[in-house]
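Enquirer: Take a look at the following structure, please.
The values are calculated or read from the model by the stated rules, or taken from the named source; none is laboratory data. Everything numeric here is computed off the predicted structure, so don't read it as measured data. Using ideal geometry, Cβ is built from the backbone for each residue, glycine included, and neighbour counts are taken over all protein chains shown. Each accessible area value is taken on the protein alone, full model and side chains, heavy atoms only, with ligands, DNA and RNA left out. Shrake-Rupley method; radii C 1.70, N 1.55, O 1.52, S 1.80 Å.
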Amino acid sequence: FVQDRTTDPTGQTIAVTFSEAVTAATAELAASYTVSGGVTVNSATLRPAGNVVELALDAPAIPGDNTIAIAAGIEDAAGNTSLEVAATALTSTDTVAPAASDMEGTTVSGPENDMITVTFNDNMIESEVETIGNWTIEAPEGTPFDVTGATVAYDDTTREAIVTLGAGSADQNLQTFDDIHATFTGMRDLGGNTIGATIIGTTAVNGMIGG
C-alpha cells in the first residue's frame, strides 16, 4: 500500500499491489477499499500491469496517520478470491524530509498586524503548519521573538505560510531591516516525513524584514 507522490504530489493517490493479476470487474469496486480518518475512495482503477490498483481519494492519506483495509472477494484470472485485509499502514514514494526554503518579514502600518512569510519546498500538512506552537522565531538573530497569539494561514498551492502577529504576543511588531530567523518542530509533508531539525542562526531559514 503505497502513497504515490511521484505521479500525484497531493497525496491523494494510493497504489495497491496484489501478489498476482486480478480482474478489473472485482478490483475496480471502490467500495471494497476503506481508508481511515474519513477519507473517501472516489475510484479504483486497475493499471495495465494487472496486479496494481490505483485508488483516487478525496483527501490526502498520510503515512503514519491513515490506514487502508480491503474487503474479501477480489479475484484472480482463475476465479480464486482474496481474503479480507485488515487495516494496514501506508508507505510513500516520498521519503525525503521537507525544509523551509525562503523567509521574509513585512512591517505593516499600525500595531499587531506585521507578517512573516515562509515558503516550504514540499506540500505540508496544513494543520501542523498552522499550529503556532510549532514555530520558533528570532528577530533579530539571537533575540527570541514571542509569536504567542499570532495566526498562521497555509496555502498548499504556493507552499507558503503567512504568520500574522496578534495582540496575544509579547512582541507585537517587527522592526524594519532586522534579520529574521525561524525553526520548526512537529511539521510533516504529505508523505509523512518530519521537517528536518534546524539550529537557529546556523541552518534555520532566514530572511530580512522589509517595510
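Enquirer: Charges at C-beta only: +1 for Lys and Arg, -1 for Asp and Glu. How large is the resulting dipole of the chain about its Cα centre, in Debye rounded to 20? Intermediate values should be presented prior to the final figure.
Expert: Details: 4 positive and 29 negative charges, 93 e Å.
Result for the chain is approximately 440 debye, rounded to the nearest 20.
Enquirer: Top mean-square fluctuation among 74, 195, 62, Gaussian network model of the chain, C-alpha springs under 10 Å?
Expert: Result for the chain, Cα springs under 10 Å: 74 fluctuates most.
Enquirer: Okay, moving on. Report the longest stretch of the chain that contains none of the GluC sites (Glu not before Pro) sitting in a DSSP loop with at most 12 other Cβ atoms within 10 Å.
Expert: Numbers: sites that count: 20, 84.
Result for the longest clean stretch: 85-211.
Enquirer: Which semi-axis lengths, in whole Å and largest first, follow from the square roots of five times the eigenvalues of the Cα gyration tensor of the chain?
Expert: Working: eigenvalues 414, 41, 32 Å².
For the chain, the ellipsoid semi-axes come out as 45, 14, 13 Å.
Enquirer: Normalising by the residue count of the chain, find the relative contact order in percent from Cα pairs under 8 Å and 6+ residues apart. It would help to have the intermediate numbers written out before the result.
Expert: On the way: 543 pairs, mean separation 40.3, N = 211.
Normalised by residue count, the contact order of the chain is 19 percent.
Enquirer: Moving on to the next point. Just by accessible area at a 1.4 angstrom probe, what is the order of 109, 36, 101 from largest to smallest? Walk me through the numbers on the way to the answer.
Expert: Values: 109 110, 36 40, 101 75 Å².
Result, largest first: 109, 101, 36.
Enquirer: In whole angstrom, and with the biggest value first, how far do the Cα coordinates of region 21-68 range along each principal axis?
Expert: That gives 29, 18, 13 Å along the principal axes, largest extent first.
Enquirer: What do you get for Rg/Rh of region 127-211 when both radii come from the Cα atoms and Rh is the Kirkwood radius?
Expert: Values: Rg = 12.8 Å, Rh = 13.5 Å.
Across region 127-211, the Cα-based Rg/Rh ratio is 0.95.
Enquirer: With a bin width of 5 angstrom, please list the P(r) values of region 59-120 as percents of all Cα-Cα pairs, from the 0 bin to the one holding the largest distance.
Expert: With a bin width of 5 Å, the distribution comes to 4, 12, 11, 11, 11, 10, 9, 7, 7, 6, 4, 4, 3, 2, 0.
Enquirer: A further question on this structure: Around residue 9, under 13 Å between beta carbons, what's the net of Lys plus Arg minus Asp minus Glu among the other residues?
Expert: Values: positive: 5, 159; negative: 4, 8, 94, 122, 156, 189.
Taking every Cβ under 13 Å from that of residue 9, the sum is -4.
Enquirer: Working with all protein chains in place, sort 65, 178 by solvent-accessible area computed with a 1.4 Å probe, largest first. Walk me through the numbers before you get to the answer.
Expert: Values: 65 85, 178 40 Å².
Final ranking, largest accessible area leading: 65, 178.
Enquirer: With a 1.4 Å probe and all protein chains kept in place, how do 1, 120 rank by accessible area, largest first? Can you show the working numbers first?
Expert: Working: 1 65, 120 5 Å².
Heavy-atom accessible area, descending, gives 1, 120.
Enquirer: Shifting gears a bit: With N residues in region 1-81, what two-decimal value do you get for its Cα radius of gyration over 2.2 N^0.38 Å? Let's see the in-between values first.
Expert: On the way: Rg = 12.2 Å, N = 81, 2.2 N^0.38 = 11.7 Å.
Taking the Cα Rg and dividing by 2.2 N^0.38 Å, one obtains 1.04.
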